[in-house]
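Participant: This is the structure, below, for whatever I ask next.
Bear in mind that the values in this text are calculations on the coordinates, not laboratory data. All of these numbers come straight from a predicted model, not from anything done at the bench. So basically every Cβ, Gly included, is an ideal-geometry build from the backbone, and we count neighbours across all protein chains shown.
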Amino acid sequence: MFFDQVIIEVQAGNGGDGAVSFRREKYVPEGGPDGGDGGRGGDIYLRVNSNINTLQNYRYARKFKAESGQNGTGKMRYGKSAEDLYLEVPEGTLVYDATSNELLADLTEQDEEFLLAKGGQGGLGNSHFKTSVRQAPRFARAGEKGEERKIKLELKLIADVGLIGFPNVGKSTLLSVVSAAKPKIANYPFTTLSPQLGVVTYSDTSFIMADLPGLIEGASEGVGLGHDFLRHIERTRMFLHVLDPTMGDLANLIEQFEMIEYELEQYQEDLLERKRLIVINKIDIADQELVTGLKKELETRGFEVFTISAATKQNLDGLVAKTAQYISELPPVVKFKVEQPDHKVYRYQPEELYTVRFDGEFYVVDGEWAERLVRSTNFDDTEAFFYFQRLIKRRGLDQALRKAGLENGDWVKIGEMEFQWLDEI
C-alpha cells in the first residue's frame, strides 16, 4: 500500500524545573541560594531522507513526544537539556497545519529540516531571585511547556518523467525495461494501484521516471483512483502519454487521448503546458495501418510521437534518448509556494500574559505565564507566597479579576490550582 497522506500529533519536550537549594558548608556560614536551572525540552523536527519514498512510517504511529529537560539541582548544577527528536520523511513532503490547512513547508532536498514544535525553556533556579532584601529565596521557576501541534503530511512525488495513460496500456512494462524498477505487471485494469519509481540512465544523463496509476474519465473529480493519482503528477517535469492501439479503432483511441488531456486540464490547467511525448506502444501486436493513422493524426496536432514495443524493446533507444535530451534542458522542479508576507511591520504589542473568564463557578485565569507562576510557587513557604501576591499585583492580574466581576470570597482557578480570593484586612 502506498501511504501518502497522514495527520500526526507532536509535542515538544517540557523544560526542566529550576531548583530551590542553599549552599551549606562547614566553613561557608553565608552560602546563599545555589539552585541550578532546568534543562531545555527537546525540539521536534522533520528531516528528509531520500532512501524512503512513502509515509508508511506514520501509518500506525501518529503521536510523537520529545523528552523533557531534566530539573536543576543544588550547587548551581543545571539540568541536562533533552535530545531533539527527528522524524524522517521522503523527498516531496508537504507540511500543513492540520487545523488551518496552512502550508508550512515543502521539503524536497536530502537532509532538509523543518522545526515542527519548539521545546520549552528550562525554569530558573532560586539563585536568580536573590536580592539585597531577599537573601534566601525559597522558590524557583518551573520549566515552560513544549509546543503541541497537529500536522498534516502529504507526499507529492518528485519525478522527472511521468508515464500517463489509460490502465493496462503498458506503462509498467515500459518502466521495467528502461530502469531497474520491478512493478507488478498483469493483464487486468488497475494493475498499478500506487506510483512506482525507477531511475533511467542514458549516456551521461539520469532521471527519475514514475509509473503512475491509470487515469479514467472523471479522475479530476475523484472518480476511480482520481486525486490519489493526480496528486503525484503536479511536480513532474514532463510526461510520456502512452497509448495502446489494440484498445479500439482510430476514433476510440483519439477519444481516449482527448479524455486524458481533458482530465489533466480540469485538475490543473498548467499541466497541459508541460512537455509531452506521445508513445504508441504494443506495435508488435497492433494493426500497422491503425498505428500509422494514429501517429499521423497526433502529429498533425503538433505532438512528437514515438512508436514502440515495450515488450520486445523495439524503438526504445530513440524514445529514451529524446526524453533524456528534454530532461537536460527543462528547468528543475519548482517548490510549492509557502505564503510569506511581502514585508514585515513591527509594532509594539504588550505580551498577553493571561485572560480571565467566568465559567459559572470559578474565575478562570488562562495563560502560560499565570500557569507557570502557579507551578513554580511553593505555597507552603511564606516568602514564596508573598512573592506570588506581589507578582500578580505587579502584572495587574488582581485588577483584571476585579474587572471580570470578582468579589471577596469568590473562587479562582489557575491551571490545576483552585483557591478562594480573600481581600487583605
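Participant: With both bridge residues required to lie in the range 1-156, what share of the DSSP beta bridges run antiparallel, to the nearest 5%?
Facilitator: 75 percent
Participant: Amide H neighbours of Ala105 under 5 Å, at least 5 residues apart or on other chains, H built in the peptide plane: list them.
Facilitator: Val95
Participant: May I ask you to sort Lys275, Lys282 by Cβ crowding, counting other Cβ atoms within 10 Å and putting the fewest first?
Facilitator: Neighbour counts put them in this order, fewest first: Lys275, Lys282.
Participant: Would you mind checking the tilt of helix 382-394 against the longest principal axis of the Cα atoms of the chain, expressed as 0 to 90 degrees and rounded to 10?
Facilitator: Tilt of helix 382-394: around 60 degrees.
Participant: Another question, then. Considering only DSSP beta bridges with both partners in the range 355-420, what is the antiparallel share in %, to the nearest 5?
Facilitator: Working: 8 of 11 bridges.
For the range 355-420, the DSSP antiparallel bridge percentage is about 75.
Participant: Summing Lys, Arg as +1 and Asp, Glu as -1, what charge do residues with Cβ under 11 Å from the Cβ of Asp34 carry, Asp34 excluded? Working shown, then result.
Facilitator: Details: positive: Arg23, Arg24, Lys75, Arg77, Lys130; negative: Glu25.
Here the count lands on +4.
Participant: Indicate, rounded to the nearest 5 percent, the antiparallel portion of the DSSP beta bridges found entirely in the chain.
Facilitator: 60 percent
Participant: Between the range 117-142 and the range 243-310, how many Å separate their Cα centres?
Facilitator: If you average the Cα positions of each part, the centres end up 73 Å apart.
Participant: While we're here: Over the chain, what is the relative contact order in percent, taking alpha-carbon pairs closer than 8 angstrom and at least six residues apart?
Facilitator: Numbers: 1015 pairs, mean separation 56.8, N = 425.
Across the chain, relative contact order equals 13 percent.
Participant: Counting Lys and Arg as +1 and Asp and Glu as -1, what is the net charge of the other residues whose Cβ lies under 12 Å from the Cβ of Lys75? Present the calculation step by step, with values, prior to reporting the outcome.
Facilitator: Working: positive: Arg23, Arg24, Arg77; negative: Glu25, Asp34.
Every neighbour counted, the sum reads +1.
Participant: May I ask you to sort Ile308, Ile392 by Cβ crowding, counting other Cβ atoms within 10 Å and putting the fewest first?
Facilitator: On the way: Ile308 24, Ile392 21.
Arranged by neighbour count, lowest to highest, Ile308, Ile392 become Ile392, Ile308.
Participant: On average over all directions, what projected area in square nanometres does the range 355-420 have, based on the convex hull of its Cα atoms?
Facilitator: Numbers: hull surface 16.9 nm².
The number I arrive at for the range 355-420 is 4.2 nm².
Participant: Using the per-residue mean of other Cβ atoms lying within 10 Å as a proxy for protection, in what order, highest first, do the peptides 76-84, 286-294, 8-16, 414-422 fall? Don't skip to the end; give the middle numbers.
Facilitator: On the way: 76-84: 18.7, 286-294: 15.9, 8-16: 24.7, 414-422: 13.0.
Output ranking for 76-84, 286-294, 8-16, 414-422: 8-16, 76-84, 286-294, 414-422.
Participant: Next question, about the same structure. If you build a Gaussian network model of the chain, linking Cα atoms that sit under 10 Å apart, which residue out of Glu329, Glu299, Glu383 swings the most?
Facilitator: Evaluated over the chain, the most mobile residue of the options is Glu329.
Participant: Related question: Checking a compactness column here: for the range 9-158, what do you get for Rg(Cα) / (2.2 N^0.38 Å), N being the number of residues? Intermediate results must be reported in sequence, preceding the final value.
Facilitator: Details: Rg = 20.8 Å, N = 150, 2.2 N^0.38 = 14.8 Å.
Against the compact-globule rule of thumb, the ratio is 1.41.
Participant: Quick one: net charge of Leu243's neighbours, Cβ under 14 Å, K/R +1, D/E -1?
Facilitator: Every neighbour counted, the sum reads -3.
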